[in-house]
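The values are calculated or read from the model by the stated rules, or taken from the named source; none is laboratory data. Note that the coordinates shown come from a computational prediction; the quantities given were computed from them, not determined experimentally. No Cβ is skipped: glycine too gets one built from the backbone with ideal geometry, and neighbour counts run over all protein chains shown. For accessibility, only protein heavy atoms count, side chains too; no ligands or nucleic acids. Shrake-Rupley method; radii C 1.70, N 1.55, O 1.52, S 1.80 Å.
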Amino acid sequence: MIVGQDRAVAQFASAWAARKLHHAWLLAGPRGVGKATFAHDAARRVLAEAAGPALDLPGLDATDDHPIVKLVEAGSHPDMRWLQRLVNEKTGNLNRNIKVDQVRELIEFLGLTTALSPWRVVVVDTVDDLEPAGANALLKMLEEPPANTLFFLISNAAGRLLPTIRSRCRRLDFHDLDDDAMTSILEARAPQLSPAERQRTIAMSFGSAGRALAFSDLDLGKLEDAALAILRQGDPTNAKRSSLAGEFGRKASADRYAAFLDLAPSLIAREARTMNGAAQERAVDAYAKARELASLAPRLSLDPAATVFQLGGILAAVAEASLKR
């Protein structure tokens, strides 16, 4: 169930109730705020209600015992496809992109007669991950969609998409979650957290429930403290960043490393809001550099410890600029 995105839910639910739907919906907003959950819930509601009977429930709700809902939950509904990055069989890691062949397989799917109702659903999670050829193949489908077909295109960076793709979609904007929504989600999905742990997790997650849930089991408090010390006090001897990098040696958790790559730029952004003038400009520049490094490091398989050390240098530069003033 999606929490904290009432406007997006109301807009789509109203369009579906009236059966006056755009065929493609661009779900745009920060990572981890409910876009994939929305696509899942919307698909359940559409496919269940299209097959009948009608659901006397608000928003995107659907009963778990509905036979169509059970098929969607099992990932076996014949009129639904969910595209996402697949695991590379050689490396065991996720592919860098959604491959063009995955998109082209949709052509056959869209050419089939629907099995359980007149409607079908395609989710692309995320459209940002498409290869260029895949984006062009998807564009052709959006230009000439089959009747009663819904596309949900999830995007964490909608401004980078092809303008021709954006222009063929109705956009739904998803915003950072407030503390009440974050608390509700963590109470339900991370009940092991104490109230104090929950509040700290919320504070370091910046309105992203996905980030908070990823953080909740990874003991990131120590890493946050170390990063903030560098960010606020600098690191003239490199000792602090060396210690931080040491947390990501050979046996370091890949999930913990990924979470820290997500956390570091957000810490800079939070600090930047407390600054002004040249110091703030320096922090904004550091934020851009940290985001770029955090994005490139996994794709280029950069050494985790070396990457964290480099991030520490970016953090320290913010403090050093402030201390010179």
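Couple of notes before you dig in:
- Long-range neighbours under 7 Å by Cβ, at least six apart or interchain, first residue closer than 11 Å to Ala317 by Cα within the stretch 280-297, second outside any helix (DSSP H, G or I): Ala283/Met275
- Condition check for Ala212: modelled with pLDDT of 95 or more and in a helix (DSSP H, G or I): no
- One residue alone among Ala62, Ala10, Ala51, Ala42 is among the hydrophobic types (A, V, I, L, M, F, W, C) and in contact with a strand residue (DSSP E or B) (Cβ under 9 Å, 6 or more places away or on another chain), and that residue is Ala42.
- Here Leu244 clears all of (1) free of Cβ contacts under 8 Å to residues at least 60 places away in the same chain; (2) farther than 9 Å from Pro304 by Cβ except the condition numbered (1).
- Count - residues of the stretch 192-212 that are open to solvent by less than 50 Å² (accessible area, probe 1.4 Å) and farther than 21 Å from Ile268 by Cα: 3
Residue by residue, here is whether (1) at pLDDT below 90; (2) open to solvent by less than 40 Å² (accessible area, probe 1.4 Å); (3) over 25 Å from Val33 (Cα atoms); (4) of a type in the set (D, E, K, R) holds:
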{"site": "Lys251", "(1), (2), (3), (4)": "yes, no, yes, yes"}
{"site": "Ala254", "(1), (2), (3), (4)": "yes, no, no, no"}
{"site": "Leu263", "(1), (2), (3), (4)": "no, yes, no, no"}
{"site": "Ala278", "(1), (2), (3), (4)": "yes, no, yes, no"}
{"site": "Val284", "(1), (2), (3), (4)": "no, no, no, no"}
{"site": "Tyr287", "(1), (2), (3), (4)": "no, no, no, no"}
{"site": "Ala290", "(1), (2), (3), (4)": "no, yes, no, no"}
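- Test: residue in the stretch 24-33 that is touching a Gly at 6+ places or on another chain (Cβ under 8 Å), within 29 Å of Leu263 (Cβ to Cβ) and modelled with pLDDT of 95 or more: yes
- Residues of the stretch 2-33 satisfying the condition of being in contact with a helix residue (DSSP H, G or I) (Cβ under 7 Å, 6 or more places away or on another chain) and on the phi > 0 side of the Ramachandran plot: Gly4, Gly29, Gly32
- Scanning the stretch 232-248 for residues being in contact with a helix residue (DSSP H, G or I) (Cβ under 6 Å, 6 or more places away or on another chain) and part of a loop (DSSP other than H, G, I, E, B) gives a total of 3.
- The one condition in (1) open to solvent by 30 Å² or more (accessible area, probe 1.4 Å); (2) at pLDDT below 95 that Ile2 fails to fulfil: (1)
- Beta carbons closer than 8 Å, at least 6 apart along the sequence or on distinct chains, pair a first residue in the stretch 226-240 that is under 18 Å from Leu261 (Cα atoms) and without any contact (Cβ under 8 Å) to a residue 24 or more places away in the chain with a second that is assigned to a helix (DSSP H, G or I) and aliphatic (A, V, I, L, M) for Ala226/Leu244.
- Residue pairs meeting the criteria (Cβ under 9 Å; at least 6 apart or on separate chains; first under 30 Å from Pro145 (Cβ atoms), in the stretch 168-186; second among the polar types (S, T, N, Q)): Arg170/Gln11; Leu172/Gln5; Leu172/Gln11; Phe174/Gln5; His175/Gln5
- Subset tally (residues that are free of Cβ contacts under 8 Å to residues at least 24 places away in the same chain and assigned to a loop (DSSP other than H, G, I, E, B)) for the stretch 152-167: 1
- One residue from Thr91, Thr149 being at pLDDT 95 or above, over 18 Å from the mean Cα position of the chain (by Cα) and among the polar types (S, T, N, Q): Thr149
- For the stretch 152-178, a residue qualifies if it is modelled with pLDDT under 95, open to solvent by 90 Å² or more (accessible area, probe 1.4 Å) and closer than 14 Å to Gly32 by Cα, but none of them does.
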